[in-house]
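The values are calculated or read from the model by the stated rules, or taken from the named source; none is laboratory data. It should be emphasised that the depicted structure is a prediction, and the values quoted were computed from it without experimental measurement. We place every Cβ from the backbone using ideal geometry, glycine too, and count neighbours over all the protein chains shown. Protein only, heavy atoms only, side chains kept; ligands, DNA and RNA dropped before computing areas. Shrake-Rupley method; radii C 1.70, N 1.55, O 1.52, S 1.80 Å.
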Amino acid sequence: MPFLLLVFLFIAVPIAEISVLIRVGSSIGVLNTIVFVIFTAVLGAYLVRQQGFATLSKLQQETNAGRVPAMQIAEGVALLFAGAVLMTPGFITDAVGFAILIPPVRQALIAWAAKNFFKGGVASAYSSGNYPGSGNSNGAHSVDPNVIEGEYTSESDERK
């Protein structure tokens, strides 16, 4: 399955992008198409930057509150992906990138990815906000911010 996805991403998407660029270029002109592609890249970079700073602020708030900022980290990764596809010339990738910039779409995508790629793992618990210390964990233990968990070995055990 991952191989087919890579084939799709690296072969089918560029072919589709070239096809759309040719059609748009023949309709509105080559220069207008180039200007529009550059405009969407600049606008996309600006919007990703703005949302990235907002996500970073939320991440800091969660961290300062002693909670794991799992959703903010996932949103940061999604914004990184959105920035990458927005900087890629083409209208299909721009549509995907701008869709990811819409917070409900981004959060639904993160929830879907957590459900399908991390079945039964920690990420599926984090995707629904049920992370340690959040106060609403389902089976996950609550972490007291004043407790440091760890292991130790006494020196008398090492001498034996």
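Filtered by the rule that a residue be within 24 Å of Phe117 (Cβ to Cβ) and open to solvent by 100 Å² or more (accessible area, probe 1.4 Å), the stretch 1-15 gives Met1, Phe3, Leu4, Phe8, Phe10. Here's a check for you: in the stretch 102-128, which residue that is at pLDDT 75 or above and of a type in the set (Val, Ile, Thr) is most open to solvent (accessible area, probe 1.4 Å)? Only one residue tops the list, namely Ile102. Does the stretch 22-41 contain any residue that is touching a residue at least 60 places away in the same chain (Cβ under 8 Å) and either aliphatic (A, V, I, L, M) or touching a helix residue (DSSP H, G or I) at 6+ places or on another chain (Cβ under 9 Å) (or both)? Yes.
Restricting the stretch 16-46 to residues that are closer than 14 Å to Pro89 by Cβ and hydroxyl-bearing (Ser, Thr, Tyr), the residue that is most open to solvent (accessible area, probe 1.4 Å) is Ser19. Where helices (runs of 4 or more DSSP H) sit wholly within the stretch 43-119, those with at least 3 residues that are in contact (Cβ under 8 Å) with a residue 24 or more places away in the chain and under 30 Å from Gly25 (Cα atoms) occupy 70-87, 91-100.
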